[in-house]
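Working notes for the structure below.
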Amino acid sequence: MTTRRTVRIAMNGVTGRMGYRQHLVRSILAIREQGGVDLGDGTAIWPEPVLLGRREHALREIAERHGLPAESVSTDLDAVLGDDSVDIYFDSQITAAREEALTKAIAAGKHLYTEKPTAGDLQGALRLARLANEAGIKTGVVQDKLFLPGLLKLRRLVEGGFFGRILSVRGEFGYWVFEGDWQAAQRPSWNYRTEDGGGIVRDMFPHWEYVLHGLFGRVESVQALAVTHIPERWDEQGKPYQATADDAAYGIFELAGGTVAQINSSWAVRVNRDELVEFQVDGTEGSAVAGLRTCRVQHRSATPKPVWNPDIPATEVFREQWQEVPDNGEFDNGFKAQWELFLRHVVADEPYDKDLLAGARGVQVGELGLRSSAEGRRLPVPELSL
């Protein structure tokens, strides 16, 4: 017979798109539906969410929809953090509100799991990491893209030595976010206001830091150009506003070991790819193109001999010259998979390295990316420590 180990999680920001869909429904509630996280010793971790936010009516509607008790809803952050039965504080609020809430949670002795960026600047991100370390608190920062099927296949290739010496990584991410005048925007308006913590560099460079660090090596330098292609947008009420934050960024990252990564990020690009994000990795022994779910390879022994001749039409279908990497297993939702690892870390003290210091590295690369763009030069990325 399985014994339940209940872990109460204060979830702040579940009325937002990411907090609701990925973290509450597809992670915490999905874990409950499967019976918890099995520790293999007759114990299952049973997550119990406490829905936290500013809009009580929206929180109560979510609780009703998913059969959660009325007492699992609160608009009082301090009261929830003061509740000794709450074990973990999770934050998916807007970036500008995150650092203050995380600081309060640390002071209350709660373990932390949070979206990124963890703070508005590197100083704040490091301060949080050091405070949590001094308090003996376990922390986790969302690194969902490392758990995508396409990147899990890519990791398999890297660890298996498929590429030989990895030369370069080319990434393309983005899609057209509607301006909001005649079609509603797919992203909230605060994303496009610097004063509210918006901007694609602040949002996406932390992602690229952990993807590059986790798969290929530490980022040692960054050179970026951040731009605002669409200067005027319309908010959720249909009112025009000036976009003060960057909506596209073009970055070059030098990695430990000599690999060069070039990643374009844009909310002002129309998609001509198989997936919304794709990474091409080229090595001396082979290449791969990985997206959210798929991964294709071309080995050195099977590389065709292209011939440049602009005077005749191309006779080769280049995409057909690549081989699909098989799934060889089932892939769970990436957010859920990481939640399970963090819960095991909290309850069973299993190893976990995606902590607030790792989150600070992402903030650092984003901050240096913006500075690089402003100054027009390549900048080194110093190693961080507590």
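Since every read-out is calculated from the coordinates, none of them should be taken as a lab result. Here the structure is a predicted model, which is why all the values come from computation and not from measurement. Quick reminder, even Gly has a Cβ in these numbers, built from the backbone with ideal geometry, and neighbours come from all protein chains shown.
Less than 5 angstrom separates the built amide H of VAL86 from none of the residues sequence-distant by 5 or more or on a different chain.
Assuming a ≥ b ≥ c are the square roots of the Cα gyration tensor eigenvalues, decide whether segment 38-124 counts as rounded (a/c under 1.5), prolate (otherwise, with a/b larger than b/c) or oblate. Oblate is the answer for segment 38-124, as a/c is 1.5 or above yet b/c matches or exceeds a/b. The count of lysine pairs in the chain that are at least 8 places apart or cross chains, and whose C-alpha atoms lie under 27 Å apart, stands at 22.
Here's the picture: a label point sits 7 Å out from the Cα of ARG32 along the beta-carbon direction, and within segment 331-354 the residues with their amide nitrogen under 19 Å of it are 333, 335-344. The ranking of ILE200, ILE88 by Cβ neighbour count inside 10 Å, starting from the fewest, reads ILE88, ILE200.
Taking θ as phi - 60° and the Karplus parameters 6.51, -1.76 and 1.60, the scalar couplings of segment 174-182 work out to x, 6, 7, 8, 4, 5, x, 7, 10 Hz in sequence order, x denoting glycine and proline. Between TYR352 and ARG270, the contour length at 0.36 nm per residue exceeds the Cα-Cα span by 25.8 nm. In degrees from 0 to 90, rounded to the nearest 10, what is the angle of the helix 356-375 Cα long axis to the longest principal axis of the chain? Tilt of helix 356-375: around 50 degrees. Provide the net charge surrounding ALA243, with neighbours chosen by a C-beta distance below 11 Å and charges set as Lys +1, Arg +1, Asp -1, Glu -1. Taking every Cβ under 11 Å from that of ALA243, the sum is -3. With helices as the sole contributors, the chain gives -8500 deg cm²/dmol at 222 nm; each DSSP H run of n ≥ 4 counts as -39500 (n - 2.57), and the sum is divided by every residue. What is the local net charge at VAL201, summed over the other residues whose Cβ is closer than 13 Å to its Cβ (Lys, Arg +1; Asp, Glu -1)? Net of charged neighbours comes to -3. Computed with the Debye formula from one identical point scatterer per Cα of segment 214-319, without solvent, the log10 of I(q)/I(0) at q = 0.11, 0.14, 0.19 Å⁻¹ comes to -0.58, -0.84, -1.16. Among PRO231, PRO47, PRO206, the largest mean-square fluctuation in a Gaussian network model of the chain, built with springs joining Cα atoms closer than 10 Å, belongs to PRO231.
Helix 334-348: angle to the longest alpha-carbon principal axis of the chain, degrees 0 to 90, nearest 10? Taking the Cα atoms of the chain, the angle to 334-348 is about 50 degrees.
Where a ≥ b ≥ c are the square roots of the eigenvalues of the C-alpha gyration tensor, would you call segment 250-386 rounded, which needs a/c under 1.5, or, failing that, prolate if a/b is larger than b/c, or oblate? In terms of gyration-tensor shape, oblate. Using the alpha-carbon atoms, what tilt in degrees (0 to 90, nearest 10) does helix 56-65 show relative to the longest principal axis of the chain? That works out to roughly 80 degrees. With R₀ set to 51 Å, the beta-carbon distance separating THR3 from THR284 gives a calculated FRET efficiency near 0.45.
Summing charges over neighbours of SER85, with a neighbour being any other residue whose Cβ is under 12 Å away from its Cβ, gives -3 when K and R count +1 and D and E count -1. Multiplying each eigenvalue of the alpha-carbon gyration tensor of segment 306-379 by 5 and taking the square root yields semi-axes of 40, 29, 8 Å, largest first, rounded to whole angstroms.
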